[in-house]
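The values are calculated or read from the model by the stated rules, or taken from the named source; none is laboratory data. Please read these numbers as outputs of a predicted model, since none were measured by experiment. Cβ sites come from the backbone with ideal geometry, for glycine too, and all protein chains shown count toward neighbours.
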Amino acid sequence: MNVKAAVCQLWRTYHQHNLPCFQTLRNVCASRRTCSANESDSGQPERTGKRSNFVPVASSKHDWIGPPDRLSNLRPIIYHIPENETPLERQLRHMRQETEDWNHQFWANQNLTFSKEKDEFIHMCLKAKGLNRRDENGRKRTLSSEEMAVFYKDFLDKNCTKHANYNKEWYRRNFTITLLMGRVALHRAWRRLTRRRSPVT
Amino acid sequence: MYKTPCSKLTVLVSAGVFQRLAENGTRGHLCSRSLFQFSASYPREWITFQHLSFLKRQYVIKNGGGLRQRARPKQEPLSAALEDHDDSVVRQVQQVPAIRPVPALPGAPTETPEREGEAQAKEPDAALEARLERQWKELKVDMADLPGVYARLSKIKLTALVVTTAAAGYAMAPVPFDPACFLLASLGTGLSSCAANSINQYFEVPFDSNMNRTKNRPLVRGQISPLHAVAFAAACGVPGVSLLALAVNPLTGFLGALNIFLYTCCYTPLKRLSITNTWVGAVVGAIPPIMGWTAATGALDPGALLLGAFLYSWQFPHFNALSWNLREDYSRGGYRMMSVTHPALCKRVALRHSLGLIGLSCLGPALDLTTWTFPLVSLPINLYISYLAFRFHRHASRDSARKLFFCSLWHLPMLLLLLLTCKRSRKDPEGPALAPPMSPPLVPPVSPPTPHS
């Protein structure tokens with residue numbers, strides 16, 4: 001829970017200056033983040049820190065994908081909202097945005113926890129050996145890969161259930177989104193076909 | 001497996017990397033502590049040239065006393081014709097094809113080395129943000145890029161290896177060589193493999209993003225959408241399996257479908273749940289040569305199973321050695337691999353199966369797959385890989401794991417080649433000890449047997 005709060009804090013401080021410009025953007029998805037639900041209830045689109053200030057060109061008709069996030073290594077996507085967006089398309093967009101946020105939260109948490117515990121482990125081992133964290137040249141000491149292997153095994157075993165649950169949830173979301181994308185694609189193809197046919201009839 | 005990361009330059013801070021230059025003897029050898037110091041003192045064209053050979057390969061090296069997983073670029077030793085190279089030493093490092101360097105900033109474009117490293121910390125926020133903004137890409141499918149994207153999506157090099165093993169299986173079958181059937185079987189196997197690999201990447205997007213080895217895959221980078229990837233997989237898988245089932249024979253089609261299922265629905269999820277994924281993966285690797293054999297003969301003969309057993313046993317020294325150096329990434333990504341959770345088992349299994357290869361080679365003549373010379377000629381390479389596996393078992397380190405992995409890369413093609421050269425001829429006067437019931441008679445048949453049973 002502490003890590004989650006820390007992560008939320010990081011996002012908030014990172015995006016504070018972003019908020020005003022995003023509120024005026026049409027292209028920004030309006031989904032809420034579960035993490036920041038308790039602090040924003042005005043209904044304004046709340047952008048998280050993982051997005052930079054990037055604003056796609058207004059004439060662009062496609063989604064945009066950004067560089068990997070620092071914390072989660074996942075690439076954020078800014079979804080394009082077409083003028084005549086159908087409810088199905090809106091549902092798809094919300095689902096994708098929500099899954100992206102959920103994924104980002106999990107992996108940011110995971111990576112932060114991993115780094116933190118790795119540092120603690122190294123610190124503990126070095127202390128047991130009677131060494132400081134930094135050597136004479138000021139560089140951080142590292143352990144050998146065999147010593148680190150103990151930590152890697154421990155980390156995996158500790159997070160076994162969490163990973164299994166994430167896996168299940170991720171597969172479920174992935175399937176649902178892909179099915180919905182298929183439906184949207186068929187829907188669009190059908191619309192294009194009927195639109196082309198209607199002038200003839 | 002051997003992807004050249006042409007799009008990245010990594011930070012060079014190693015104190016021990018020296019370079020040798022051939023062209024400009026007047027400029028002398030380079031004795032700099034790092035490449036960026038060198039590039040600062042030489043004209044642009046030198047840097048360009050150095051970049052080219054610089055980007056050729058990535059290496060993992062020792063840094064001081066500790067072993068780090070960071071990959072550093074190595075300067076190619078250009079030629080021996082140098083006047084003053086007494087104190088320029090090219091450090092011998094080995095190439096680990098599967099490890100990607102961790103860039104200074106993710107997705108950073110190619111920059112001169114001066115700007116990286118410590119300069120990165122001093123980069124003003126505005127410039128950093130501007131650079132990050134430039135990295136936003138429109139999610140538009142570029143037709144020109146599609147072949148490359150599909151190649152990466154289907155892991156074309158792995159697919160090529162799979163097709164090679166299937167072709168070897170076909171060639172080892174004791175039937176006359178039918179080029180049409182051979183081509184159809186190879187094509188069908190290739191398409192099935194493409195489908196399986198695409199689905200695998202579709203499932204693993206967030207995990208691939210977090211591992212250095214896999215973070216440049218098409219779905220991770222958003223070059224195509226997940227729906228597109230699934231459609232591609234279906235477009236490869238359905239024709240592939242149908243081709244095998246209808247144009248070759250139903251047994252081969254069944255094996256192809258089974259392999260796709262095992263790989264996508266068993267191996268891929270199991271990677272995160274249990275270490276048994278390695279054994280399932282070994283079966284997945286063993287099936288293609290069996291498919292090649294059944295494409296030729298239409299039956300599951302002991303010879304087919306022996307070929308499968310070769311591939312099955314080979315997977316363990318290959319994969320266990322590879323996974324030994326990726327333990328940090330596996331741990332962070334949540335992959336349950338033997339090398340992380342059961343290291344002793346990992347080493348034991350690699351050794352066991354390397355020794356098993358020797359035993360399997362002896363079965364070759366017993367099953368009339370090969371002549372009696374095969375166990376003898378394959379003994380040197382089998383002994384060598386067993387020796388490396390033994391060293392890995394005794395003292396598992398980065399170095400011994402790397403050596404074993406590299407050995408496995410050439411061991412398999414050599415083994416297949418030796419199998420083919422020692423194949424028992426159908427006109428062999430010794431005759432088979434046990435003739436499998438559905439295989440053709442040894443005398444040259446009047447009409448060739450039809451594999452399309």
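For region B:237-296: of the residues being of a type in the set (Gly, Ala, Ser) and touching a Phe, Trp or Tyr at 6+ places or on another chain (Cβ under 8 Å), which is farthest from B:Val175 (Cα to Cα)? That would be B:Gly281. Taking the criterion of being out of contact with any Leu (no Cβ under 6 Å at 6 or more places or on another chain), of a type in the set (A, V, I, L, M, F, W, C), surrounded by 15 or more Cβ atoms within 10 Å (Cβ to Cβ) and under 17 Å from B:Phe207 (Cβ atoms), would at least one residue in region A:135-158 satisfy it? Yes, there is a match, as at least one residue in region A:135-158 is out of contact with any Leu (no Cβ under 6 Å at 6 or more places or on another chain), of a type in the set (A, V, I, L, M, F, W, C), surrounded by 15 or more Cβ atoms within 10 Å (Cβ to Cβ) and under 17 Å from B:Phe207 (Cβ atoms).
Number of residues in region B:326-375 that are away from chain A (no Cβ under 14 Å), assigned to a helix (DSSP H, G or I), surrounded by 22 or more Cβ atoms within 10 Å (Cβ to Cβ) and not aliphatic (A, V, I, L, M): the value is 5.
Of the residues contained in region B:398-409, one or more are found to be at pLDDT below 90 and either assigned to a helix (DSSP H, G or I) or buried (at least 17 other Cβ atoms within 10 Å of the Cβ) (or both).
Could you pull out the residue among A:Leu88, A:Leu126 that is among the aliphatic types (A, V, I, L, M), more than 19 Å from the chain's Cα centre (by Cα), part of a helix (DSSP H, G or I) and more than 25 Å from A:Val150 (Cβ to Cβ)? None of the others qualify; the one that does is A:Leu88.
Beta carbons closer than 6 Å, at least 6 apart along the sequence or on distinct chains, pair a first residue in region A:150-176 that is at the interface with chain B (Cβ under 7 Å from one of its Cβ atoms) with a second that is assigned to a helix (DSSP H, G or I) and of a type in the set (Lys, Arg) for A:Tyr152/B:Arg327. All conditions but one from (1) away from chain A (no Cβ under 14 Å); (2) within 22 Å of the chain's Cα centre (by Cα) apply to B:Asp399; the one that does not is (1). If I ask for residues that are farther than 19 Å from A:Asn111 by Cβ and under 19 Å from the mean Cα position of the chain (by Cα), which ones from region A:143-191 would you list? Within region A:143-191, A:Lys168, A:Tyr171, A:Arg172, A:Arg173, A:Asn174, A:Phe175, A:Thr176, A:Ile177, A:Thr178 qualify. For region B:233-250, a residue qualifies if it is crowded, with 22+ Cβ neighbours inside 10 Å and within 13 Å of chain A (Cβ to nearest Cβ), and exactly one does: B:Ala233.
In the set B:Ala286, B:Ala295, B:Ala304, which member is closer than 17 Å to B:Thr164 by Cβ, part of a helix (DSSP H, G or I) and within 18 Å of the chain's Cα centre (by Cα)?
Exactly one of B:Ala286, B:Ala295, B:Ala304 is closer than 17 Å to B:Thr164 by Cβ, part of a helix (DSSP H, G or I) and within 18 Å of the chain's Cα centre (by Cα), namely B:Ala286.
The single residue among B:Ile156, B:Ile199 that is within 14 Å of another protein chain (Cβ to nearest Cβ), among the β-branched types (Val, Ile, Thr) and more than 17 Å from B:Leu420 (Cα to Cα) turns out to be B:Ile199. Looking only at region A:142-201, residues that are touching a Cys at 6+ places or on another chain (Cβ under 8 Å) and not in a helix (DSSP H, G or I) come to 1 in all. Of all residues in region A:93-101, at least one satisfies being buried (at least 16 other Cβ atoms within 10 Å of the Cβ), in contact with a strand residue (DSSP E or B) (Cβ under 9 Å, 6 or more places away or on another chain), within 12 Å of chain B (Cβ to nearest Cβ) and at pLDDT 90 or above.
Of the residues making up region B:222-247, just one is part of a helix (DSSP H, G or I) and either at pLDDT below 90 or of a type in the set (S, T, N, Q) (or both), namely B:Ser242.
Restricting attention to region B:255-266, does a residue exist that is surrounded by fewer than 21 Cβ atoms within 10 Å (Cβ to Cβ), among the hydrophobic types (A, V, I, L, M, F, W, C) and within 14 Å of chain A (Cβ to nearest Cβ)? Checking region B:255-266: at least one residue is surrounded by fewer than 21 Cβ atoms within 10 Å (Cβ to Cβ), among the hydrophobic types (A, V, I, L, M, F, W, C) and within 14 Å of chain A (Cβ to nearest Cβ).
Per-residue answers, yes or no, for (1) in a helix (DSSP H, G or I); (2) more than 21 Å from B:Lys157 (Cβ to Cβ); (3) polar (S, T, N, Q):
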| site | (1), (2), (3) |
| --- | --- |
| B:Phe177 | no, yes, no |
| B:Gly190 | yes, no, no |
| B:Ser193 | yes, no, yes |
| B:Phe207 | yes, no, no |
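Among the criteria (1) more than 10 Å from every other protein chain (Cβ to nearest Cβ); (2) in contact with a Phe, Trp or Tyr (Cβ under 7 Å, 6 or more places away or on another chain), the one A:Phe106 does not fulfil is (1).
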